[in-house]
Amino acid sequence: MAKAYLIKGDHYVRYDTDTNRVDDGYPKTISAGWNGLAERGFGSPDTALDLGTGRVYVFKGGDYARVDNTSNAVDDQRPIAGNWPGMAEAGFGDGLDAAFNWGSKAYFFKGGWYLRYDVPSDKVDDGYPLPIADWWPGMADAGFADALDAAVNWGNGKVFFFKGGHYLRYEMAGNRVDDGYPRPVAGNWAGLSEAGFADGLNATWIRLAAGGGGAAPAPVAGSAASGDDHGGWVRLPDVLHVGGTLAWRNNNPGNLLPGRVPYKTALAVDRRGLAIFPSYAHGWTALREVLRSGTYGPLTIADAMAKYAPAGHGGNDPVHYANLIRQHANLDPSRVVNTLDDAELERFMLAIKQVEGFREGTTYHRGDPNLPADLAALFD
């Protein structure tokens, strides 16, 4: 039974995610729930984040407090700058608006910007911060592209964002706002209005079990692996790709490299640093987003390919690459990417896929009786 915690001012409620209602006996003061939090100046926090380590990180101004989930007591307090590498340098060293945990990645929002933090390497990913409006489709149209109040990973592939008296539900895999949102909090979150929590939340999170499991684990992050034996393989949660080319094994037709642009749905990276996506559709969508992004969109096809496949990286020849694009897609390399219509962009993407080398191998599913024993062990 998962419990979500929602804070407003110096009070909080506990919300049952199974019954979808506020638990009896709430709201309570923050002092009644967490020892030392209010006393250390975190009685009305900016945001909070549970990374599945058995602790919650509560942020206020330029500082954060670490709360032990077992003792419900603060066990550390430090400044964000110097302890969350890259945050202060990105302008996220104080005054955070919202944050949520997505497995091996944490997302932080401030004003009209966001950044992605890599939890295993303990640093901000390259290329951030980025504008919310450009990279979270539908958020701007819904009025949620800046000054967010709170965000939470609901553990089912959805993230809820709160702003004022409204909220929206975002589908991470589809990279879009779900239809019918935003909606008012009042009348849709049982008990919140009665508790006085129908607008202006400070923070919300779902408590996770230590080790990243528990009630609301990230649905895909960190659930892939790769190797070079057996002719090359990639293990997805329930599927094994063996042989073929990297672009096929990784569901990554563009052979995209994480870090240069944001891939919210990538599961992991392979041993060469290429993104592994949960499905071909995810990889195809990521390639489209890259080409439509502010990084590549304003460039000519020739200049875009020089950035996409820079000379000297793995034997790349960007001029030859651009000429191949012309040959396969019948597109002039002097065309600006943003001027391509959807059909032309699709041809461009298919040409990239062909140049990158997309050749299928063998697909096995978990429990397949024809799966050789040494390959079956890769699911363990």
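Since only P182, A88, T17 are under comparison, the one whose Cα sits farthest along the positive direction of the charge dipole of the chain, derived from C-beta charges on Lys, Arg, Asp and Glu, is A88. By the beta-carbon count within 10 Å of each Cβ, the least crowded to most crowded order of S121, S104, S279, fewest first, is S121, S279, S104. Cross-link pairs exceeding 31 Å in C-alpha to C-alpha distance, out of K3/K110; K110/K353; K60/K123; K28/K123; K158/K307, comprise K110/K353; K28/K123; K158/K307. A simple charge model with +1 on the Cβ of Lys and Arg, -1 on the Cβ of Asp and Glu and nothing else charged puts the dipole of the chain at about 140 debye relative to its Cα centre. In terms of packing, defined here as the mean over residues of other Cβ atoms within 10 angstrom, the peptides 246-253, 125-132, 327-334 line up highest first as 246-253, 125-132, 327-334.
At the listed q of 0.11, 0.19 Å⁻¹, the Debye profile of segment 3-206, built from one uniform point per Cα, gives log10 I(q)/I(0) equal to -0.47, -1.50.
Helices in the chain, meaning DSSP H runs of at least 4 residues, each add -39500 (n - 2.57). Divided by all residues, the mean residue ellipticity at 222 nm is -4500 deg cm²/dmol. So in segment 3-206, what percent of DSSP beta bridges are antiparallel if you round to the nearest 5? So the antiparallel bridges amount to about 95 percent of the total. Here is the tail figure for the chain: Cα pairs spaced more than 37 Å apart come to 28 percent of all pairs.
Mean-square fluctuation check for the chain, GNM, Cα pairs under 10 Å: which of D342, D16, D122 is largest? Checking each option, the largest mean-square fluctuation is seen for D342. Of all DSSP bridge pairs formed entirely within the chain, close to 95 percent run antiparallel.
Only Cα pairs under 8 Å and 6+ residues apart enter the sum, and on that basis the relative contact order of the chain stands at 13 percent. The Rg/Rh ratio of segment 37-157, with Rg taken over Cα atoms and Rh as the Kirkwood radius over Cα pairs, comes to 0.95.
Read-outs: derived from the displayed coordinates by stated rules, not from any lab. Keep in mind it's a predicted model, so treat the numbers as computed, not measured. Neighbour counts are summed over all protein chains in view; Cβ atoms, including those assigned to glycine, are modelled from backbone coordinates with ideal geometry.
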